[in-house]
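The values are calculated or read from the model by the stated rules, or taken from the named source; none is laboratory data. Quantities reported herein were computed from a predicted structural model and do not represent experimental measurements. Methodologically, a virtual Cβ is constructed for each residue, glycine included, from the backbone with ideal geometry; neighbour enumeration extends over all protein chains shown.
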Amino acid sequence: MGAKRMACAAAMAGVLAVGAGITAAPASAGGQRPGNLRVATFNSSLNRGVAGGLVADLSGRDDAQAGNVAEVIQRVRPDVLLINEFDYDPAGRALALFQDNYLSVPRNGTRAIRYPYRYAAPSNTGVPSGHDLNNDGTVGGPDDAYGFGLFPGQYGMAVYSAYPIDLARVRTFQTFRWRDMPGALLPDDPATPAPADWYSRQELADVRLSSKSHWDVPIRLPGRTVHLLASHPTPPVFDGPEDRNGRRNHDEIRFWADYISPWRAGYIYDDTGRRGGLRPGAAFVIAGDLNSDPYDGDSLPGAALQLLDHPRVNDRVVPAARAAPPRRDGRAAPTSTTAAIRVSTPPTSPTPAPATCGSTTCCRAGACRSVPPESSGRCRVTRCSGWSATTTRPCRAASPPPTTGWSGSTCGAEVPPAPASVTGAGARQSCFQDFSVARPSGRTSARCGSGCRTGRGYRSRCRTAVPSARR
């Protein structure tokens, strides 16, 4: 796969909820205030290197990692919990053992927590595709599976709930083909002139969108149903200049943005063949380790914003850490960062001199990345200010852009280097990645994200874009 890149891919964890309030009677698990429902997602890393390994480890009560995970859950006490990276076994033994031997056992002064309802389903991880998906000349191994994994079900998902799960109405999208998404960002082989040709026609007939799966799990609360929309998109790294994982991550996130949009969901089909998305007006919570950050990391620009800026998503409450660890580059880490992936890069030959940025390739996180057209009405990145670019070798950032100009990339039409209003209908199209954003009161928020918007597409907290240096 070539040299691994250092990435700080912050997981967009926590939950994203609809604007309508979600209320419920107090649950036995969470014990929250009446009228509140606590939903949590947790990447537990309860994965093992061999099939059956997790069942073996959970069969006793002395697995330190499982004990630590259970204690965190007992202290947070969610009513509904999605666990990412929990190995799937068809008999559901790991689900039951984790409850009986860990969640039901008090730890270090905590109270036991009991979830009477549980759900798990097959994952694409480790399922052989029969194709050479990484184009290394051989077929087989974890990188040629439908989702990276050593065996079927590795890095799976699990749901624990204090409220009944409507199993008859659960929808799974494990086998949805990537090519069936309109405008899919299919990866391109940079060694050929043909577009979007990393996968052959025969491979595209089989390649699945979900690296694990996408689930719509209805939770029956007193008087209403809330849909838990669960997934774990692939990290946008561990690939090459074709950026197949970055593009897949973008489209796995986009799947939910389309699913909750009745006007865009007609192409979607589940594993039973039923078509369409979420019923209009239905309450939902989007949960999972989405491996994307609106400000940092290695995902495609705007990937996380497909949900954060969605009109049906309520992102007013963002989980925050009391003290985030410092970044390696000296910048302050966002308190909403919940994970970091750091991969050491082996010694290489001297880094080539920075080159002028190409029209469709940028240097990000130490390697060249394609910058594709963004979907859902977003604009195409046509120039990347302040970055070097090559096509086949590692690269490094060039001199940063002037502090008097627009920082970030130029999208669509050229944007003048002077401050410009971005409010109101008909405002000029521009990128706002790494911009400082002045509020009408004169206060300045840190950053409002990355991506492209026009006119009313800007959120209320991003009224006026002002020049800033790259940070």
Check: Does residue 191 satisfy being of a type in the set (A, V, I, L, M, F, W, C), at pLDDT below 95 and more than 17 Å from residue 229 (Cβ to Cβ)?
Finding: yes
Notebook entry, point to check: Which number in (1) hydrophobic (A, V, I, L, M, F, W, C); (2) surrounded by fewer than 15 Cβ atoms within 10 Å (Cβ to Cβ); (3) at pLDDT 95 or above marks the one condition that residue 268 misses?
Noted result: (2)
Next item on the list: Hey, can you tell me all the residues within the range 143-181 that are within 25 Å of residue 226 (Cβ to Cβ) and of a type in the set (Val, Ile, Thr)?
Entry: 159, 165, 170, 172
Check: Can you name the residue in the range 156-181 that is assigned to a loop (DSSP other than H, G, I, E, B) and among the hydroxyl-bearing types (Ser, Thr, Tyr) and, of all such residues, is surrounded by the fewest Cβ atoms within 10 Å (Cβ to Cβ)?
Finding: 175
Note to self: Take residue 184 and tell me if it is at pLDDT 95 or above, surrounded by fewer than 21 Cβ atoms within 10 Å (Cβ to Cβ) and under 27 Å from residue 287 (Cβ atoms).
What the structure shows: yes
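Residues are listed down the side, and each one gets a yes or a no for (1) touching a residue at least 24 places away in the same chain (Cβ under 8 Å); (2) crowded, with 23+ Cβ neighbours inside 10 Å; (3) among the basic types (Lys, Arg):
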| site | (1), (2), (3) |
| --- | --- |
| 210 | yes, yes, no |
| 222 | yes, no, no |
| 232 | yes, yes, no |
| 235 | yes, yes, no |
| 248 | yes, yes, yes |
Next item on the list: Would you please list the contacts, defined by Cβ atoms under 9 Å and residues six or more apart or on different chains, that run from a residue in the range 55-67 that is under 15 Å from residue 92 (Cβ atoms) to a residue that is of a type in the set (A, V, I, L, M) and surrounded by 13 or more Cβ atoms within 10 Å (Cβ to Cβ)?
Entry: 55/94; 55/97; 58/46; 58/66; 58/94; 58/96; 58/97; 59/97
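Criterion first (crowded, with 22+ Cβ neighbours inside 10 Å and more than 23 Å from residue 166 (Cα to Cα)) does residue 102 satisfy it?
Considered against the rule, which asks whether it is crowded, with 22+ Cβ neighbours inside 10 Å and more than 23 Å from residue 166 (Cα to Cα), residue 102 comes out as yes.
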Item checked: Subset of the range 49-94 that is β-branched (Val, Ile, Thr) and part of a helix (DSSP H, G or I) - its residue that is farthest from the chain's Cα centre (by Cα) -> 55
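Considering only the range 73-85, state which residues are loosely packed, with under 15 Cβ neighbours inside 10 Å and either touching a Phe, Trp or Tyr at 6+ places or on another chain (Cβ under 7 Å) or farther than 23 Å from residue 290 by Cβ (or both).
Answer for the range 73-85, where residues must be loosely packed, with under 15 Cβ neighbours inside 10 Å and either touching a Phe, Trp or Tyr at 6+ places or on another chain (Cβ under 7 Å) or farther than 23 Å from residue 290 by Cβ (or both): just 75.
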Checklist line | Residues of the range 95-123 classified as within 25 Å of the chain's Cα centre (by Cα) and either assigned to a loop (DSSP other than H, G, I, E, B) or not aromatic (Phe, Trp, Tyr) (or both), total | finding: 6
Next item on the list: Keeping to the range 188-228, report how many residues are polar (S, T, N, Q) and farther than 15 Å from residue 121 by Cβ.
Entry: 4
Next item on the list: Name the one entry in 102, 146 that is of a type in the set (Phe, Trp, Tyr) and farther than 30 Å from residue 200 by Cα.
Entry: 102
Check: Where residues in the range 196-230 are in a strand (DSSP E or B), more than 22 Å from the chain's Cα centre (by Cα) and among the hydrophobic types (A, V, I, L, M, F, W, C), which of them is nearest to residue 136 (Cα to Cα)?
Finding: 219
